[in-house]
Amino acid sequence: MTAKAKTNIAGSLHAVIHKDAADWEPLSLREGGVPGSADNSVSLKVLKVKGRLKGDRAKAKATARLHTGDKDSRWLVISLYPKALERRRTHLEIRFRVFESFIEEAQAAAVTVTDRRPETPRVRDSFDLREEGTEYQEEQPGSGQFVVAELDPRPGASSVNSGRLETAEFADKELGFVNLSWSVKGVRAAGK
């Protein structure tokens, strides 16, 4: 990586990623990639074929929300809504717990709405579903790696978040190994 690329990444991170985050289990976290180069897409059932990773790729809508957590922490939740999982009422979430400008925890989850009531057209993440009393279940991957190019948990229209989650292993056969990438401009604070 060139010095210029390192400078660009460092200027795109508005939260500190601990050096030991590269060794976190089950999902590691590191900075990397080129700011502005990611898109909103998901590859499901990824397999290695002739030395290359291939899967069922789908474009996705993405949103970013900031929710309050416990003890002065906040959760930056990036939700991806791939068309391929729409019928199952499933979306994927990337979650970063922020405490005093440090990323203290990183999670990923497949969230499926199990409530029998008709779905509203409004886009909601698991925090919203829990708050409004909508039944859902979630599955977290057993392994994977986050690579973050841009990270800005501050609410506002100018906040940009981009990165990817590589080889996240889900037990659900419809998901399997998942690769996804996100690029979201704007972070809405919860309740707004």
_Restricting to the stretch 102-123, name every residue that is in contact with a strand residue (DSSP E or B) (Cβ under 9 Å, 6 or more places away or on another chain) and either part of a strand (DSSP E or B) or of a type in the set (Lys, Arg) (or both)._
Phe102, Ile103, Glu104, Glu105, Ala106, Gln107, Ala108, Ala109, Ala110, Val111, Thr112, Val113
*Any idea how many residues of the stretch 13-37 are at pLDDT 95 or above, of a type in the set (Ser, Thr, Tyr) and either surrounded by fewer than 17 Cβ atoms within 10 Å (Cβ to Cβ) or on the phi > 0 side of the Ramachandran plot (or both)?*
0
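Could you list, in sequence order, all residues of the stretch 68-89 that are assigned to a strand (DSSP E or B) and open to solvent by 10 Å² or more (accessible area, probe 1.4 Å)? Step through it out loud before you land on a result.
Step one: filter the stretch 68-89 for residues assigned to a strand (DSSP E or B), giving 68, 74-82.
Across the stretch 68-89, the qualifying residues are Thr68, Arg74, Trp75, Tyr81.
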*Within the bounds of the stretch 131-141, is there any residue that is surrounded by 15 or more Cβ atoms within 10 Å (Cβ to Cβ) and among the small types (Gly, Ala, Ser)?*
no
*farther than 16 Å from Thr63 by Cβ and open to solvent by 70 Å² or more (accessible area, probe 1.4 Å): does that describe Lys173?*
yes
*Just one of the numbered conditions (1) in contact (Cβ under 8 Å) with a residue 12 or more places away in the chain; (2) surrounded by fewer than 21 Cβ atoms within 10 Å (Cβ to Cβ) is not true of Pro118; which one?*
(1)
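The values are calculated or read from the model by the stated rules, or taken from the named source; none is laboratory data. What you see is a predicted model, and the numbers here were worked out from it, not measured in a lab. Virtual Cβ from ideal backbone geometry, glycine too; neighbours counted across all protein chains shown. Areas reflect the complete protein model, heavy atoms only, side chains present, ligands, DNA and RNA absent. Shrake-Rupley method; radii C 1.70, N 1.55, O 1.52, S 1.80 Å.
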